[in-house]
There are 2 protein chains.
Amino acid sequence: MSAPERRELVLAAASRAFARGGYAGTSTDAVAREAGVSQPYVVRMFGTKAELFREVFARASQAIQDTFNSEIDKLVVDAENEEFWNALGMAYGELIADRDLLLVMMHGFTAGSIEPDIGAQARTCMSQIYSLLRDRTGCTPERAREFIAQGMLLNTLLAMQAPEHADEDPALGELSACAFGSQLLAETQAAG
Amino acid sequence: MSAPERRELVLAAASRAFARGGYAGTSTDAVAREAGVSQPYVVRMFGTKAELFREVFARASQAIQDTFNSEIDKLVVDAENEEFWNALGMAYGELIADRDLLLVMMHGFTAGSIEPDIGAQARTCMSQIYSLLRDRTGCTPERAREFIAQGMLLNTLLAMQAPEHADEDPALGELSACAFGSQLLAETQAAG
DNA sequence: CAAGCTAGTAATCAACTGATAACATGTCAA
DNA sequence: TTGACATGTTATCAGTTGATTACTAGCTTG
C-alpha cells in the first residue's frame, strides 16, 4: 500500500481510538492495533503522539466547518428566522452519523491543559466556528453563542453515551430527546 | 493530623490535579505531590484511582446541585421570566470562582468510555441537574435544555482557557464575553 | 511497660508508554 | 545485477503508572 493511503487509514483508526479514550487515555499502540500496523510505524509517521492527535483534530475541525459552509451555501440565509437555525442544527446532525468526529473535538477541547499546542488549536477551532457563524449569517453574538452552546450540549451527551442509556433513565432520555430531536436520537441509539 | 482531615486535604488536592489533567492524564503520584503525602497513601485511602476520581466528581456534582437549590430557594420562581434564568445563570457564576469544580465535571463527562463507572456517574449527575431544574422551576424541557447547554459552553470555554487568551483572539474574546458576561470574564482572566 | 491501634512512609513490582535503532522486504532505475 | 529508496517490522529501552507489601513512629489504654 502507498504511504498516503496508509496514512489515511491510520488517521481514520486514530480518530476512532481517540474518540473512545481521549488524548491521554489512548496509547499509540492502541491506534496501531486499530489500524493493523505496528506501533513504531505510527509514531514515525507522525513524529509524536501529540502531532498525530493534532492532525486528527484538525481534520475534525475542518469537516465541521465544511459542513456549516456547504449548508449555509444551500440555505437562504436569514439570521432572524428560527427555521434557518433549525436547518443549520440539522446539518450538525449529519455529523452525528460520524460520532467519532464530535468526540475527537470534545476531547481536544479538554486536552489543552495537558498539551498546550492542542489547547491553542482547540481555541483556534472554536474561534473559527464562531467567526464563520457570525460572518456568514450576520447574526448577533448571542445567537451564535446559543447555537454553539447547543452543539456543546450534544457533544457532552454523546460523550457520556446518554442516547444509548436513555431508556434506563427517564430524565436523561427526555433531555436527550429534546437536545437531539427524536429522529436523531434513534440514529445515535442504533449506532451505540 | 487525623484521617478525616487528611482525607479532605487529599480530596482538595485531587480536585486541583484532576481539573488540570483529567482522569487519564493525572497520575496518583501527581495527586500525592499536590497533597504533600506519599503516593501509596493516596491509593490506600481510596482503593483505586477511579474511586478517588469518583469521590471528587461526586462532590463537584453535589456542590453544583446545592448551589442551584439554594439559589432557587432565594429567588421567586417564575420559569417564564428571563430575569429568573439570568439570576440562576449568575449563581452558576459563583461556581466559577472555583474553576476546578467545573473542570472536574467536564472531565468526568468525557471519562465515561474509558471507565464505565465514571460514565454512569456522569449520566446520573446530568440527569439529576436536569430533573432539579424541571421539578423546581416547572419549566419546559426546552428551557432546561437551553440552560444546561449554556453551562456546557461555559465549561468548554473554561477547559480551553478561552478567557485567559481572550486578548489574543478577538473572536474568541467576543464569544467569551458574551458567554460569561463581562464581569465574570474579568474574574476568570484574573484567576488564569 | 507492653500491646495494639492510627497515621503514615520506603521499597518494590509488573505492566504499560512513547520513542529509537536496527533490520527486512519489495520495487524500480541505471 | 545492483544499488537506492520506500514501506514496513522486530527488538529494545528508559521512564512512568497504579498498586502491594513491609516497615516505622506516635499515641493510647490496660
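Read-outs throughout are calculated quantities, based only on the coordinates presented, and are distinct from any laboratory measurement. Just so we're clear, the structure is a prediction, and the values are computed from it rather than from any experiment. Cβ atoms come from the backbone with ideal geometry, glycine included; neighbour counts cover every protein chain shown.
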Sole exception among (1) over 14 Å from the mean Cα position of the chain (by Cα); (2) within 17 Å of A:Glu94 (Cα to Cα) for A:Leu157, by number: (1)
Total residues in the range B:132-154, condition of a type outside the set (Lys, Arg) and within 19 Å of A:Gly181 (Cα to Cα): 11
Residue satisfying condition, being within 14 Å of another protein chain (Cβ to nearest Cβ), near DNA strand D (Cβ under 10 Å from one of its atoms) and touching a residue at least 12 places away in the same chain (Cβ under 8 Å), within set B:Phe18, B:Phe57, B:Phe53: B:Phe53
Residue within the range B:167-180 that is in contact (Cβ under 8 Å) with a residue 40 or more places away in the chain and under 23 Å from B:Phe57 (Cβ atoms) present: no
Any chance A:Ala79 is at negative phi and assigned to a loop (DSSP other than H, G, I, E, B): yes
Residues of the range B:1-46 that turn out to be more than 11 Å from DNA strand C (Cβ to nearest atom), farther than 25 Å from A:Phe109 by Cβ and loosely packed, with under 15 Cβ neighbours inside 10 Å, as a count: 0
So A:Gly108, is it buried (at least 16 other Cβ atoms within 10 Å of the Cβ), within 15 Å of the chain's Cα centre (by Cα) and facing chain B (nearest Cβ under 10 Å): yes
Test result for B:Ala122, in contact with a Gly (Cβ under 8 Å, 6 or more places away or on another chain), part of a helix (DSSP H, G or I), within 20 Å of A:Asp167 (Cα to Cα) and within 8 Å of another protein chain (Cβ to nearest Cβ): yes
Hits in the range B:14-44 (condition: under 28 Å from B:Gln128 (Cα atoms) and not β-branched (Val, Ile, Thr)): B:Ala14, B:Ser15, B:Arg16, B:Ala17, B:Phe18, B:Ala19, B:Arg20, B:Gly21, B:Gly22, B:Tyr23, B:Ala24, B:Gly25
Counted residues, the range A:136-145 - those being surrounded by 19 or more Cβ atoms within 10 Å (Cβ to Cβ) and either more than 7 Å from chain B (Cβ to nearest Cβ) or aliphatic (A, V, I, L, M) (or both): 3
Residue ID - nearest to the chain's Cα centre (by Cα), chosen from residues in the range B:21-50 that are more than 9 Å from DNA strand D (Cβ to nearest atom) and not in a helix (DSSP H, G or I): B:Gly22
Test: residue in the range B:111-124 that is more than 30 Å from A:Gly25 (Cβ to Cβ) and of a type outside the set (Gly, Ala, Ser): no
Residue within the range B:115-122 that is surrounded by 21 or more Cβ atoms within 10 Å (Cβ to Cβ) and of a type in the set (Gly, Ala, Ser) present: yes
Residues being without any contact (Cβ under 8 Å) to a residue 40 or more places away in the chain and assigned to a helix (DSSP H, G or I) - total across the range B:91-108: 3
Residues that are facing another protein chain (nearest Cβ under 7 Å), part of a helix (DSSP H, G or I) and more than 23 Å from B:Met105 (Cα to Cα), drawn from the range B:150-174: B:Ala171, B:Glu174
Selection status of A:Ser70, buried (at least 16 other Cβ atoms within 10 Å of the Cβ), part of a helix (DSSP H, G or I) and polar (S, T, N, Q): no
